[in-house]
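Step one of this worksheet: look at the structure below.
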Amino acid sequence: MRNLSVFVDESGDCGVYNHISPYYIVILVFHDQSNNLTEEIKTLDSVVSYVDIPERAIHAGPLIRRESDYRYFDTNTRRKIFDSIFDFARKIPFSYTTLIVEKRQIDDPLLLIARLSKQLSAFLTENTEVFSEYDNTIVYYDNGQLDLTKILVSVFSTALSNVEFRKAFPSDYKLFQVADLLCTLELLSLKYDAKALSNSEKGFFPSLKKLRKLYIQKMRKKRFSGKFL
């Protein structure tokens, strides 16, 4: 049996536009379950074992902004944690795609949901043959946003015949944490282009050039390009 995992995470919400949440970003991470990640996971766990991260779940956005569980960590420690999940993602086999809606262009949440559904449907339809190589497609999401949960169930069930849905959390799967990392990097890229990065985001990285070339561009080599790695 060939199984394909799809880990889903989002940044933003389906509400009306505001300057704090100008985009709605959905990341889908695809992983062929025949690719074993045990050794890479052990390495990641060993790197972050010296810090007290609840349930060993790395959340990239709060880590960068020094929020929540990371508010007492200095910059060097936070960078080390960030680099550990980034290096893990860079080394393991997976592909991802990004769905983005700029909320400034939409004044009705229902239109946002419709646009997001169309993007996802188009991606699945265009790549039906690739999905058909797998016996099962398993979609993992934490059901954090009801609208997105409904979109995933409706669109995936319509496009694919062998699909199942599982509620999961970042602490359960490292690839869920990778999806979170990718959401953060895609948001940083949009804010970089719009010259809207916050002072905490600017200060976290050694330079904006390194943010772009070392992190964003390197990770984009993992973007889906016709096959799942």
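The values are calculated or read from the model by the stated rules, or taken from the named source; none is laboratory data. Note that the structure is a prediction, hence the values are computed from the model and not measured. Counting neighbours? That spans all protein chains shown, and the Cβs are built from the backbone with ideal geometry, glycine included.
Residues are listed down the side, and each one gets a yes or a no for (1) modelled with pLDDT of 95 or more; (2) in contact with a strand residue (DSSP E or B) (Cβ under 9 Å, 6 or more places away or on another chain); (3) of a type in the set (Lys, Arg):
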position: Ser21; (1), (2), (3): no, yes, no
position: Ile53; (1), (2), (3): no, no, no
position: Ile58; (1), (2), (3): no, no, no
position: Ile64; (1), (2), (3): yes, no, no
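Let's see how each residue does on (1) under 23 Å from Gln177 (Cα atoms); (2) within 19 Å of the chain's Cα centre (by Cα):
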{"site": "Arg104", "(1), (2)": "no, no"}
{"site": "Ile113", "(1), (2)": "no, yes"}
{"site": "Asn143", "(1), (2)": "yes, yes"}
{"site": "Leu148", "(1), (2)": "yes, yes"}
{"site": "Ile151", "(1), (2)": "yes, yes"}
{"site": "Leu160", "(1), (2)": "no, no"}
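Against the list (1) within 30 Å of Val155 (Cα to Cα); (2) surrounded by fewer than 18 Cβ atoms within 10 Å (Cβ to Cβ); (3) among the charged types (D, E, K, R), the condition Lys103 fails is (2).
Selection of region 122-172 for residues being aromatic (Phe, Trp, Tyr), at pLDDT 95 or above and out of contact with any Ser or Thr (no Cβ under 8 Å at 6 or more places or on another chain) yields Tyr134, Phe165. Among residues that are out of contact with any Phe, Trp or Tyr (no Cβ under 8 Å at 6 or more places or on another chain) and over 27 Å from Phe86 (Cα atoms), Ser154 is included.
Is one or more of the residues making up region 72-80 part of a loop (DSSP other than H, G, I, E, B) and in contact with an Asp or Glu (Cβ under 9 Å, 6 or more places away or on another chain)? No, there is no match, as no residue in region 72-80 is part of a loop (DSSP other than H, G, I, E, B) and in contact with an Asp or Glu (Cβ under 9 Å, 6 or more places away or on another chain). The set of residues in region 145-174 being among the basic types (Lys, Arg) and surrounded by 15 or more Cβ atoms within 10 Å (Cβ to Cβ) consists of Lys174 alone.
Is there any pair linking a residue in region 121-133 that is closer than 14 Å to Ser225 by Cα to one that is among the β-branched types (Val, Ile, Thr) and surrounded by 13 or more Cβ atoms within 10 Å (Cβ to Cβ), with Cβ under 8 Å and at least six apart or on different chains, and which? Filtered contacts from region 121-133: Phe123/Thr97; Leu124/Val155; Phe131/Thr137. Filtering region 80-105 to residues that are in contact with a Phe, Trp or Tyr (Cβ under 7 Å, 6 or more places away or on another chain) and more than 30 Å from Ser46 (Cβ to Cβ) leaves Thr97, Ile100, Val101, Glu102, Lys103, Arg104. The residues listed here are Glu39, Glu10; of these, the one that is among the acidic types (Asp, Glu) and surrounded by 15 or more Cβ atoms within 10 Å (Cβ to Cβ) is Glu10.
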